[in-house]
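Scroll down for the structure; my scribbles are underneath it.
Rule-based calculations on the coordinates, nothing more; no lab input. Computed from a predicted model, the values in this text were never measured in an experiment.
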Amino acid sequence: MKNATAKRPRTLAGTSPVDAARTQTLAQYEAALRLLQEGKFEKAHAAFSQMLAAAPPDLAERIRMYINACLQQQAGKASAAKFATPEERYDYAVSLLNEGLYDDARAQLKQIVSANAQADYAFYGLAVLASMTGDSQTCLEQLTEAIRLSPQNRIQARADSDFQDMADDPRFTELLYPEI
């Protein structure tokens with residue numbers, strides 16, 4: 001019986017054109033991230049912007065988030081930043097969280113909640129932040145509110161590795177699996 005999977009075309013170098021293009025895109029992405037981490041926001045912005053049009057869908061959203069982070073850094077202090085939508089502010093907060101700037105991320109997420117008490121995603125972000133900083137009580141409170149506003153957050157939290165530090169807490173298990 002022959003293998004039913006189609007083989008990719010090979011180049012002289014032995015890799016498929018798709019693999020080579022993806023490898024090149026990932027190398028550009030990593031170079032742009034290094035620029036961002038080094039505080040070279042203008043160069044990082046240019047690099048991310050150049051990549052965006054040809055980026056595969058799985059990277060495009062992250063590239064947009066980093067472009068926004070570059071713009072915010074270029075504009076100056078985050079508290080004075082202008083965001084077109086709450087989702088842009090959330091993306092910026094997530095980038096701050098990923099950089100370990102927890103207080104700044106918390107401030108951005110709280111601004112979203114202040115403007116819209118129904119923003120379940122912001123409560124979810126605050127729960128993740130609390131989990132990552134070891135504040136289990138706040139994590140449970142914020143996640144409870146996120147789930148109350150959108151029960152789908154319960155399912156998302158079950159698979160979210162950002163809550164790994166909460167896994168041994170029986171209150172967390174009870175919140176995520178009330179049917180047990």
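Taking amide hydrogens as placed 1.01 Å from N in the peptide plane, the amide H of Asp135 sits under 5 Å from that of no residue at least 5 positions away in sequence or on another chain. Each residue of segment 117-124 was assigned a 3J(HN,Hα) from its phi angle through the Karplus expression (A = 6.51, B = -1.76, C = 1.60, θ = phi - 60°), giving 5, 9, 7, 4, 4, 6, 5, 4 Hz with x at Gly and Pro. In order along segment 34-47, the Karplus-derived 3J(HN,Hα) couplings, from 6.51 cos²θ - 1.76 cosθ + 1.60 at θ = phi - 60°, round to 4, 4, 4, 5, 7, x, 8, 5, 5, 5, 5, 4, 4, 5 Hz, and Gly and Pro are given as x. If you count Lys pairs in the chain whose Cα atoms are under 22 Å apart, skipping same-chain pairs closer than 8 places in sequence, the total is 6. This structure gives mean projected area of the Cα convex hull in nm², computed directly, and of (1) 15.3; (2) 10.6; (3) 10.0 that value is listed as (1). Phi angles across segment 100-116 convert, under the Karplus curve 6.51 cos²θ - 1.76 cosθ + 1.60 with θ = phi - 60°, into 3J(HN,Hα) values of x, 8, 5, 5, 5, 4, 4, 4, 5, 5, 5, 5, 5, 5, 4, 7, 8 Hz, Gly and Pro given as x.
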